[in-house]
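Chemist: Submitted below is the structure of interest, expressed as structure tokens.
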Amino acid sequence: MPDERLERLGTYFVHFGIRERYCITFEQFIEKVVNGAWTAWLA
């Protein structure tokens, strides 16, 4: 994954408080995004 995309996802992760809201780590978040499960999991 390109560094630019990781940086944007990191900004998203922090801005929306993903760790606090969904109790997942950044690594778990990246895995869900890469697998295409984040949208489905979020819904």
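Nothing in this text is a laboratory measurement; each read-out follows from the coordinates by a stated rule. Bear in mind that the values here come from a model prediction, so they are computed numbers and not experimental data.
Chemist: Report the normalised scattering of the chain as log10 I(q)/I(0) at q = 0.15, 0.19, 0.20, 0.32 Å⁻¹, calculated by the Debye formula with identical scatterers on the alpha carbons.
Modeler: -0.32, -0.52, -0.58, -1.30
Chemist: Where does the chain land at 222 nm, in deg cm²/dmol rounded to the nearest 500, when only DSSP H runs of n ≥ 4 count, each adding -39500 (n - 2.57), divided by all residues?
Modeler: Details: 4 runs with 34 residues, N = 43.
Taken over the chain, the calculation gives -22000 deg cm²/dmol.
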